[in-house]
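Structure first, commentary second.
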Amino acid sequence: MLIVMDSAASPEDVRRVVETVEGLGLQAHAIPGAQRTAIGITGNRGAVEPGAFENLPGVAEVIPVSASYKLVSREAKRENTLVSVGGVVVGGPEVVVVAGPCAVESEAQAMEIGHAVRKAGATLYRGGAFKPRTSPYSFQGLGEGGLKILARVRGETGLPIVTEVLDTETVELVAEYADCLQVGARNMQNFSLLKKLGKTHKPVLLKRGMSATLEELLLSAEYLLAEGNYDVILCERGVRTFSDHTRNTLDLSAVPYVQRISHLPILVDPSHGTGKRQKVIPLSRAAIAVGADGLIVEVHPHPEAALSDGPQAILPDMFADLMQQVRLLAPVVGRTA
Ligand code: PEP
Ligand code: MN
């Protein structure tokens, strides 16, 4: 259930509604919007009787929310959510581009890429210190050492850091260094991790699971919002299909679909989405054209020697070309870059 307050409702009116909800043993989530505040109710097993709220002062409307996700839905909040990642706004008119290596391999590697992507116009830096690898014998990341390197890359380039957190045990550690905590595809339904991240005050980049429906993606985001973290950025990174010409099938129709039903920003990852270097630029163009709030791409100066995801890493020169194309395309869809 969603209680929509009148645009003239006072903070006192909002507080009264919240207290009434809590008095019923339920949770109230006040979601301030530009025009009006909406109050989402969670914790109910069956339907909530609207009569308890309809006549309270300042209440404009009581809407039963049919979808299983509530707080992430546009019914709860009409305006787009803007997420600030270290001062860079995601979800606004400016298209954001997160760029960097799949994994932090050394300080020299991470720094070289940092300077190159910064020069080309990237707005955020990515790089994994804790890597989720299919094989236990593959490079697992530099761990805390990698986080320290990321902090130095931020220090030198000024780019805020997006990096993956793999498990509940390392949330505090990763949050100490990161500006945005990435939840990888393999962890999209790690509910204990989501609940813990919901209690942190760091933005979360939530990647779509490789066989997750959009409803499942949005319900995973709902875990974060329900715990109080509204700074959530979604990411389409491709799903598994029968197609074998690419690593995954990049589902670009997810973008307008998510934007219609949710207020959360959504990025597109053409690197994992295709797994092929030569496909990254064309699919990036398509992602901007379809209305994505930004891109997350993997860049490596020596992909043949990369410790993870070399075949999909674009070279720094290609990244500069990609940024040039993004700058040309963004205004076509009413955005800036
Ligand atoms: C990554 O970003 O390097 C990564 C592991 O992505 P995903 O979780 O989408 O596979
Ligand atoms: Mn990767």
Quiz item: Using Cα pairs under 8 angstrom and six or more residues apart, how large is the relative contact order of segment 37-158, in percent?
Solution: 18
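Tell me, 199, 77, 148 in order of fewest to most beta-carbon neighbours within 10 Å?
On the way: 199 11, 77 24, 148 14.
The most exposed by this proxy come first: 199, 148, 77.
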Self-check item: Shape call, segment 248-337: gyration tensor on alpha carbons, a/c limit 1.5
Solution: oblate
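Per DSSP H run of at least 4 residues, take -39500 (n - 2.57); add these up for the chain, divide by its residues and hand me the 222 nm value, nearest 500 deg cm²/dmol.
Values: 11 runs with 114 residues, N = 337.
Calculated from helices alone, the mean residue ellipticity at 222 nm is -10000 deg cm²/dmol.
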Practice problem: Among DSSP beta bridges whose residues both lie in segment 88-208, state the antiparallel percentage, nearest 5. | Solution: 0
Exercise. Within the set of other residues whose C-beta is less than 13 Å from the C-beta of residue 78, count the net charge using Lys and Arg as +1 and Asp and Glu as -1.
Key: +1
Quiz prompt | GNM top mover of 145, 91, 114 - the chain, alpha-carbon springs below 10 Å | solution = 145
Practice problem: Once you've got the Cα coordinates, tell me which of 77/119; 77/202; 119/196; 70/199; 70/148 are over 29 Å apart. | Solution: 77/119; 119/196; 70/148
Quiz item: According to the Cα gyration tensor, what semi-axes, each the square root of 5 times an eigenvalue, does the equivalent ellipsoid of segment 1-105 have, listed from largest to smallest in whole Å?
Solution: 33, 17, 12
Exercise. Express in nm, to one decimal, how much length is gained between residue 26 and residue 134 on full extension, taking 0.36 nm for each residue of separation and deducting their alpha carbon distance.
Key: 34.8 nm
Quiz item: If we count every other residue with Cβ under 10 angstrom of residue 126's Cβ, Lys/Arg +1 and Asp/Glu -1, where does the sum land?
Solution: -3
Practice problem: Can you grab the distance from the C-alpha centre of segment 1-40 to the C-alpha centre of segment 204-225, Å, no decimals? | Solution: 26
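Throughout, read-outs are computed from the coordinates displayed, never taken from laboratory work. Bear in mind that the values here come from a model prediction, so they are computed numbers and not experimental data. Virtual Cβ from ideal backbone geometry, glycine too; neighbours counted across all protein chains shown.
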